Amino acid sequence: MDFTKVEEIENGIILRTVRNFNLKHIFECGQCFRWNLEEDGNYIGVAFERVIELQAIGEDVAIYNTSLAEFNEIWLNYFDLKRDYLSLKEEFIKDPLLKEAVEFGHGIRLLQQEPFELIVSFIISSNNRIPMIKKCILNISKKWGKKVEYKGKTYYTFPNVQDLHIAELEELSACSTGFRAKYIKDTVDKIYNNKSEEVYENSYDINWIKSQPDQDCHEALQKFTGVGPKVADCIMLFSMSKYSAFPVDVWVKRAMQYFYLAPDVSLKKIRGFAIDKFGNQAGFAQQYLFYYARENNISVDK
Ligand code: 8HG
């Protein structure tokens, strides 16, 4: 456990002596799109049809607009709080190159998010920039999600598959999704029309996909339109607890080249190299590298 105890407060809970937990590192390391920094340094986000607010208070972390029961049911897992990130990091920092990235993003934790939301979100992410991805997801949530009021403001949950299934192609395009609108429509249709009793090799049942071993899960996700190896890696890493995933985007490519490899290797080679090197923990290493590369705007041009 990465905290000593949890106590109920009037409008939420407080986690005492939380280790390896930094709000900026968690919410700005690239894994999520529904969290925003407030003027007071807190972060407010939407997940699991709820709006919560996080505040760092010394070594403690408060979560507002929730209860102890909800914490145990949802947030304990969502924030991956049962994992001891120190032992994970101790392994990584034996590698003097990765040490630099781990120390930089020392408070990163991998959130365990909702698979349906992440499938759609990472389809939107392809060839897209993070602020734009966030905007598209917000547009979709405003149109097909549910309203939640918090502190006088309206937030919108990400729609479930039934609610998003009614979306027309033109309406999805109007959410600034561009060429990805048809991929979203096709994928949502496949998930919606999947009959869960027909669980077989080509199943589009998300729970079935999630229950598969890492490599099979990676392949099954790519049966959705708009999901290639990179997008599949992000979905399985951020919502299916598959930690051998190693998504290689331009930042991770640069980081791997900067730290380890020749400048001209293919994405596939980088992925293979990383999985050999970091094994079942590759996904965690990837997150420290992505955050380091993006925040420092690293370049490999000599
Ligand atoms: O966490 C991420 N890891 C990797 N490797 N790629 C990501 C993450 N988050 C994220 O949005 N991306 C992709 O990187 C989406 C987009 O193509 C680009 C934004 O920098």
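Pull out all pairs, ordered by first then second residue, where Cβ-Cβ is under 9 Å, the residues are six or more apart or on different chains, the first lies in segment 287-301 and is open to solvent by 20 Å² or more (accessible area, probe 1.4 Å) and near the ligand (Cβ under 9 Å from one of its atoms), and the second is of a type outside the set (A, V, I, L, M, F, W, C) and modelled with pLDDT of 95 or more.
If the second residue must be of a type outside the set (A, V, I, L, M, F, W, C) and modelled with pLDDT of 95 or more, the pairs left are F290/G30; F290/Q31; F290/G105; F290/P247; R294/E28; R294/G30.
With the structure loaded, tell me whether F116 is more than 22 Å from L23 (Cβ to Cβ), in contact (Cβ under 8 Å) with a residue 24 or more places away in the chain, touching a Phe, Trp or Tyr at 6+ places or on another chain (Cβ under 9 Å) and within 15 Å of the ligand (Cβ to nearest atom) or whether it fails that test.
The answer is no for F116.
Of the numbered conditions (1) open to solvent by 60 Å² or more (accessible area, probe 1.4 Å); (2) outside any strand (DSSP E or B), E8 satisfies every one except a single condition; which is it?
It fails just one condition, (2).
So in segment 245-272, with the set limited to residues that are free of Cβ contacts under 8 Å to residues at least 24 places away in the same chain and open to solvent by 70 Å² or more (accessible area, probe 1.4 Å), which one is nearest to V231 (Cα to Cα)?
Once the filter is applied, the top-ranked residue is V250.
Looking for whichever is at positive phi, in a helix (DSSP H, G or I) and touching a Lys or Arg at 6+ places or on another chain (Cβ under 9 Å) here; the options are S141, S121, S176. Which one fits?
Only one candidate qualifies: S176.
How about segment 124-136: which of its residues are part of a loop (DSSP other than H, G, I, E, B) and either under 10 Å from the mean Cα position of the chain (by Cα) or more than 9 Å from the ligand (Cβ to nearest atom) (or both)? Full working, then the answer.
Pass one, segment 124-136, residues part of a loop (DSSP other than H, G, I, E, B): 126-129.
Within segment 124-136, no residue meets the criteria.
Being over 21 Å from the mean Cα position of the chain (by Cα), closer than 30 Å to Y291 by Cα and either among the hydrophobic types (A, V, I, L, M, F, W, C) or modelled with pLDDT under 95 (or both) is true for just one of F238, F179, F224. Which residue is that?
Result: F179 is the single residue among F238, F179, F224 that is over 21 Å from the mean Cα position of the chain (by Cα), closer than 30 Å to Y291 by Cα and either among the hydrophobic types (A, V, I, L, M, F, W, C) or modelled with pLDDT under 95 (or both).
Within segment 26-42, work out how many residues are in a loop (DSSP other than H, G, I, E, B) and either more than 10 Å from the ligand (Cβ to nearest atom) or among the polar types (S, T, N, Q) (or both). First the steps, then the outcome.
Of segment 26-42, the ones in a loop (DSSP other than H, G, I, E, B) are 28-34, 38-42.
Narrowing the set further to residues that are either more than 10 Å from the ligand (Cβ to nearest atom) or among the polar types (S, T, N, Q) (or both) leaves 28, 31, 34, 38-42.
Number of matching residues: 8.
Please indicate, with yes or no, whether at least one residue in segment 95-103 is open to solvent by 10 Å² or more (accessible area, probe 1.4 Å), in contact (Cβ under 8 Å) with a residue 12 or more places away in the chain, farther than 26 Å from P229 by Cβ and more than 16 Å from the ligand (Cβ to nearest atom).
There is at least one residue in segment 95-103 that is open to solvent by 10 Å² or more (accessible area, probe 1.4 Å), in contact (Cβ under 8 Å) with a residue 12 or more places away in the chain, farther than 26 Å from P229 by Cβ and more than 16 Å from the ligand (Cβ to nearest atom).
Can you name the residue in segment 205-251 that is within 12 Å of the ligand (Cβ to nearest atom) and not in a helix (DSSP H, G or I) and, of all such residues, is farthest from G279 (Cα to Cα)?
Ranking the candidates gives G228 first.
Can you find, within segment 273-286, the residue that is surrounded by the fewest Cβ atoms within 10 Å (Cβ to Cβ) among those that are over 16 Å from the mean Cα position of the chain (by Cα) and more than 11 Å from the ligand (Cβ to nearest atom)? Before you say what the answer is, go through the steps one by one.
Of the residues in segment 273-286, the ones over 16 Å from the mean Cα position of the chain (by Cα) are 273-280.
Retained after the next criterion (residues that are more than 11 Å from the ligand (Cβ to nearest atom)): 273, 275-280.
Details: F273: 17, I275: 17, D276: 9, K277: 15, F278: 21, G279: 11, N280: 12.
Once the filter is applied, the top-ranked residue is D276.
Scan (1) modelled with pLDDT of 95 or more; (2) surrounded by 15 or more Cβ atoms within 10 Å (Cβ to Cβ) for the single condition S126 breaks and write down its number.
(1)
Within the set of pairs 6 or more residues apart or between chains, which connect a residue that is under 16 Å from V51 (Cα atoms) inside segment 21-35 to a residue that is within 13 Å of the ligand (Cβ to nearest atom) and among the polar types (S, T, N, Q) with Cβ atoms less than 8 Å apart?
Partner pairs satisfying both residue conditions: C32/Q113; F33/S121.
Name the residues in segment 144-173 that are open to solvent by 40 Å² or more (accessible area, probe 1.4 Å) and part of a loop (DSSP other than H, G, I, E, B), would you?
K146, K151, G152, N160, I166, E168, listed by residue number.
Among the residues in segment 76-91, are any under 26 Å from D249 (Cα atoms) and without any contact (Cβ under 8 Å) to a residue 24 or more places away in the chain?
yes
The values are calculated or read from the model by the stated rules, or taken from the named source; none is laboratory data. Everything numeric in this text was worked out from a predicted model, so none of it was measured. Glycine gets a Cβ as well: all are built from the backbone with ideal geometry, and neighbour counts include every protein chain shown. For accessibility, only protein heavy atoms count, side chains too; no ligands or nucleic acids. Shrake-Rupley method; radii C 1.70, N 1.55, O 1.52, S 1.80 Å.
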